[in-house]
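All remarks here apply to the structure that follows.
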Amino acid sequence: MSIETANKIKTLLKSQNKKQKNLVDYLEESQGTVAKWLSENETINRDIPYTILVKIANFTTTTTDYLLGKENIVETKVIPLIGKSSCGKPKDYDLNGYDPVPIPMDLYRTGMYALEADGDSMSPKINDGDIVYCCPSQHIDNGKIVHYWLNGESGIKRYKINEAGTIISLVPINSEYDIITIHCDENVDLQMAKVVGKIDKDF
């Protein structure tokens, strides 16, 4: 059981771009002790104390039941949480300087990022405090929800473009908010990333 658990921990670390040293630092244990817990050599491997297993589960955003083989989980990657939707440009981000957020492997694309919804202009579909996944490299179809950056202001809206391809509208779901209209021949700086999923704030 210990070796199976060790292999699960190493697989999670790799998928989340974390090193064994990061785990050592987090646990505040010696490198040698952690190496024995994660060893595949039966003569070296040592059972992981349950209190340490709880910390490892937290560090790898999983559960002790999964590490002990009592349940299966969806394999995940991690993406950077860059802040609120009212700040930050849609672009490729890495994890440097940002908190990691888990994302299901089937949604993951290189350069994705997460942000916290700010306000209720997209309520009830996206509420204040929800975490949304954004992909700057995906094609954005008419009617899809985007994180946008327009002349220094950013937020989350539904992207609409007219049949002639001359007018873009950024449309809130909450009717109390105004639609932002952009004429494509105007000199504006508009950047967008497709919103591909979310985590409810109360999840």
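The values are calculated or read from the model by the stated rules, or taken from the named source; none is laboratory data. Keep in mind it's a predicted model, so treat the numbers as computed, not measured. Note: ideal-geometry Cβ built from the backbone for every residue, glycine included; neighbour counts use all protein chains shown. Calculation scope for accessible area: heavy atoms of the full protein, side chains included, ligands and nucleic acids excluded. Shrake-Rupley method; radii C 1.70, N 1.55, O 1.52, S 1.80 Å.
List of remarks:
- Residue selected from the stretch 188-203 under the condition open to solvent by 50 Å² or more (accessible area, probe 1.4 Å) and of a type in the set (D, E, K, R), by the criterion nearest to the chain's Cα centre (by Cα): K198
- Note on the stretch 5-19: among residues that are open to solvent by 80 Å² or more (accessible area, probe 1.4 Å) and outside any helix (DSSP H, G or I), the one that is farthest from Y50 (Cα to Cα) is N17.
- Among the candidates I48, I126, I52, I79, residue that is assigned to a loop (DSSP other than H, G, I, E, B), more than 24 Å from S169 (Cβ to Cβ) and among the aliphatic types (A, V, I, L, M): I48
- Residue tally, condition open to solvent by less than 80 Å² (accessible area, probe 1.4 Å) and either within 17 Å of K84 (Cα to Cα) or within 29 Å of the chain's Cα centre (by Cα) (or both), over the stretch 151-187: 16
- Y133 being assigned to a loop (DSSP other than H, G, I, E, B), within 11 Å of the chain's Cα centre (by Cα) and buried (at least 18 other Cβ atoms within 10 Å of the Cβ): no
- Residues within the stretch 20-45 that are outside any helix (DSSP H, G or I) and farther than 17 Å from T60 by Cα, tallied: 8
- Checklist (1) crowded, with 16+ Cβ neighbours inside 10 Å; (2) out of contact with any Phe, Trp or Tyr (no Cβ under 9 Å at 6 or more places or on another chain); (3) without any contact (Cβ under 8 Å) to a residue 12 or more places away in the chain applied to A57, failing item: (2)
- When the stretch 172-192 is filtered for residues that are outside any loop (DSSP other than H, G, I, E, B) and either touching a helix residue (DSSP H, G or I) at 6+ places or on another chain (Cβ under 7 Å) or under 13 Å from S154 (Cα atoms) (or both), the ones remaining, listed by number, are I180, L190, Q191, M192.
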